[in-house]
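Read the structure below first, then the notes.
Nothing in this text is a laboratory measurement; each read-out follows from the coordinates by a stated rule. Please read all numbers here as calculations on a predicted model, not as lab measurements. Cβ atoms come from the backbone with ideal geometry, glycine included; neighbour counts cover every protein chain shown.
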């Protein structure tokens, strides 16, 4: 009660303060600034009056609200909407308290310097808006009267500013600045939007555009295939199924006995439960326990369990017998029931849906970055384990009958599925007991699971879009009805997760499905879907009110009403990343379609301003996005989609006036050779948070060929050839993408006028990727890419100096990529220990162990625990040389722990194909580690040489020519990119060599075809190295940081 009173008193004081400011100095604030404060003031008054009505239910039970929840929420809550307090922050606070703090800083009488700066900014922005402006009633045009008002206001401001003298009263100039900003706002908001004047137009298409899409579906094979898949997904859920989800689950009208007759309702841990084995552990056992506090007498006291798995950080899954519980005769193999007290009920469940095994009628692939993907043995029936405690005197469990092997002091991730028909009081307890080599218990890991089983809203997100497209093509109202119900269900579900984030700044139950970035993507797909059914008149007044209410709730998760159009471009985008890109895109999409939404123009132009500023200020000079290649493509796809809609709705062409178009060029230059494992398709190098694949990242190219062609025909030709080399892919059809885009491009009708030629390049220094190529476009293409970035790369790994290489279009040295962000493998993939890096021995002896907890987004201490410092996030390229015979690069990488400088020099000799790597270490007196990840099914160590048996007829020879302390081979996991011989996990061979820093490393890599003679290496007394490979002989001597290679063709060539 005391806390409740304190919250109310605080909010009442804030309300009084806001009113006072607005009443006393109102004329010195812009309309945009006043709206932001008045908006928060209104929400606070509603909270105090008890009239706040949430537009969604709390059926998921993510969050238990505080008493009078609306009052503390209105005062202050978490947000990922900038501006942030400190550089590098990813969240801050908003609410009436923050709005007042911000508003007081906007008063133009605050200081003379601020007033003059604002006056100059207003003049600049007015002139920018008036430059080339068009007046009229056509799409993209502005109101003439509003333009004249701005011209008059601008003239007044210019005169007032010219007449102003330092030290004079500031009131007149301040009022002139305010009026100019207000007139800018009025003119901007007068712009004609297509969705206002052409009610039948949608976000992406006017009526002519829709007719063109229908024609392409009929005439183009590729487009028709996409539409057929869209139709198949549309048929996935019946109208009755979605209506039942709304009435039974969203509105909570049914109990689980009824729900289980209609839906497959299970929960999953996802891949977030990480733990670490204690030192000395060699084996473990496991129990599932339902505590007696959870019983039928007092509420809910039963649970089903399925699909247990334990993943290791750098290897595969642990060998646990019958981990899916499906094998057995009369009872499950390897598992025994245990009555811990009383008379609990345990059974081996075989009745659907309680037996688990996935939804038999609506199977959906798991998102393997965060969810486990269970495998089922052919011939086994689907079974689960069941525990029921009838009374509080009962406590049941299932116990693993034997033990399973674990590694000492290692990280793992626990996953399983469970069916919980509601929230338990305590939750299902999983206990892993660790044993030493004598079988003695030396520690335990306990995890309590209590995720109420439900039907996630995201399940309908893709089908919703496909139904909307079907309605647009066929006009059949049943599809519009399905879209409406899906919208209501999905938004209701998502708002609950958003509330949890806003109040706690934590993922709801650890789920990564409800972040602000996912919210932006949801609003985008929801807006596109709604734009198709807007004129279908399927919403009742109550349904539309609820829909608008949930949209407004999510808008405040995405943005706020502080007018970014009055800020500088830099300030508007400061602190923004790809998260804010999606958040703003979703806001803009929704506001372009909801033309009667309150404060619609402020929301819309805030989003536009941030997105345009991101493009103008964040796209690097080398055309890369300042994050990993995966996120370059994610940002490119979102920006390009937004630009396409903006051009249709506002008539503004971002493909022409922003750096957007040249971002396509970066992707083209990165492409890796066409690789047989991916059916002869190209990919992109998997540096940072990325994975080597078969060209899926080029799926958006077909969508935007026509847009780019109008701006840069040569680039469009290059895009087309790249798209063809990637196998003519289309974007993945998933809920967070825009399905409509897959049927909007020219299909395979585009006719290029030029061929695609790519060569070695050093033109992408901001991206940090340098590429050596030979024989581009041929089957025997060679490709080498190395990482060296001058600034930290967003979503990058600790991989400076690491490299990948191909011979004959087959990868032999590769980056492990990234599999997920939350399981125990994340630290492995991000750390330098999984990359082809050189690492300094760490100076630290007391290493804090990591590897537990629900979220794992960094390299942690993975390398340190093994005695090595991760490389820094930046490095410096000293020199790049290129000629017809030899190409080389020299990179400087500093020891992140202090003294020590590493110079990595790589020479690519084109004939015989050979890579010479010289690692020189200065100012460091300890050991260094050289790591090489090889795509090999079997590697053989022979002294200081390793022969790696690769795939598709290619092998790799590795020879260390300098003294080593140790050399060894081990296995390490990667994303799937070759057949490594492992059943469930792709595993590379890791070559690890340790040497004294003073010796460094001189290493030869010889990629070769199987059956060709092995490389012969001789070292003479004077240090000269003679190498015979592929019927050629060359001599090699050290020269400064590089090497000098001498043969008949390369006489005197120095690479340094």
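Overview of values
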{"quantity": "Alpha-carbon centroid distance for the pair the range 441-494 / the range 602-622, whole angstrom", "calculated": "30"}
{"quantity": "At R0 = 35 Å, FRET efficiency that the Cβ-Cβ distance of residue 923 and residue 1032 yields, to 0.05", "calculated": "0.40"}
{"quantity": "MRE, 222 nm, helices only [DSSP H, n ≥ 4, -39500 (n - 2.57), over the chain, to nearest 500]", "calculated": "-10000 deg cm²/dmol"}
{"quantity": "Prolate/oblate/rounded label for the range 264-449 (Cα gyration tensor, a/c 1.5)", "calculated": "oblate"}
{"quantity": "Highest to lowest packing among 656-665, 958-967, scored as the average C-beta count within 10 Å", "calculated": "656-665, 958-967"}
{"quantity": "Taking 836, 911 and counting other C-beta atoms within 10 Å, the order from fewest to most", "calculated": "911, 836"}
{"quantity": "Simple spin-label estimate for residue 152 and residue 1014 in nanometres, 7 Å along Cα-Cβ", "calculated": "9.1"}
{"quantity": "Net length gained if the chain between residue 391 and residue 847 were fully extended (0.36 nm per residue, minus Cα distance)", "calculated": "159.5 nm"}
{"quantity": "Inter-centroid distance (Cα atoms) of the range 74-118 relative to the range 189-246, Å", "calculated": "41"}
{"quantity": "Estimated FRET transfer efficiency when R0 is 41 angstrom, pair residue 676-residue 218 (beta carbons, to 0.05)", "calculated": "0.70"}
{"quantity": "For 584, 180, order by how many other beta-carbon atoms lie within 10 Å, fewest first", "calculated": "180, 584"}
{"quantity": "Ranking of 238, 513, 948 by count of other Cβ atoms within 10 Å, fewest first", "calculated": "238, 513, 948"}
{"quantity": "Convex hull volume per residue in cubic angstrom - Cα atoms of the range 1-58", "calculated": "99"}
{"quantity": "FRET efficiency, 1/(1 + (r/R0)^6) with R0 22 Å, evaluated for residue 579 and residue 64 via beta carbons", "calculated": "0.20"}
{"quantity": "Mean Cβ count within 10 Å, highest first, over the residues of peptides 917-925, 679-687", "calculated": "679-687, 917-925"}
{"quantity": "Gained length - residue 138 relative to residue 996, 0.36 nm times residue gap less alpha-carbon distance", "calculated": "301.6 nm"}
{"quantity": "Whether the chain is rounded, prolate or oblate, judged on the alpha carbon gyration tensor where a/c under 1.5 counts as rounded", "calculated": "oblate"}
{"quantity": "Fully extended contour minus Cα-Cα distance, from residue 235 to residue 343, at 0.36 nm per residue", "calculated": "34.2 nm"}
{"quantity": "Mean Cβ count within 10 Å, highest first, over the residues of peptides 896-907, 520-531", "calculated": "520-531, 896-907"}
{"quantity": "Distance in nm between pseudo-label sites at residue 597 and residue 6 (7 Å out along the Cβ direction from Cα)", "calculated": "3.7"}
{"quantity": "Equivalent ellipsoid semi-axes - Cα gyration tensor, the range 112-192, angstrom", "calculated": "27, 10, 9"}
{"quantity": "Relative contact order, percent, the chain [alpha-carbon distance under 8 Å, six or more residues apart]", "calculated": "10"}
{"quantity": "Cα centroid separation, the range 881-918 to the range 986-1029 (Å)", "calculated": "15"}
{"quantity": "Overall form of the range 435-585 per C-alpha gyration tensor (a/c, 1.5; a/b vs b/c)", "calculated": "oblate"}
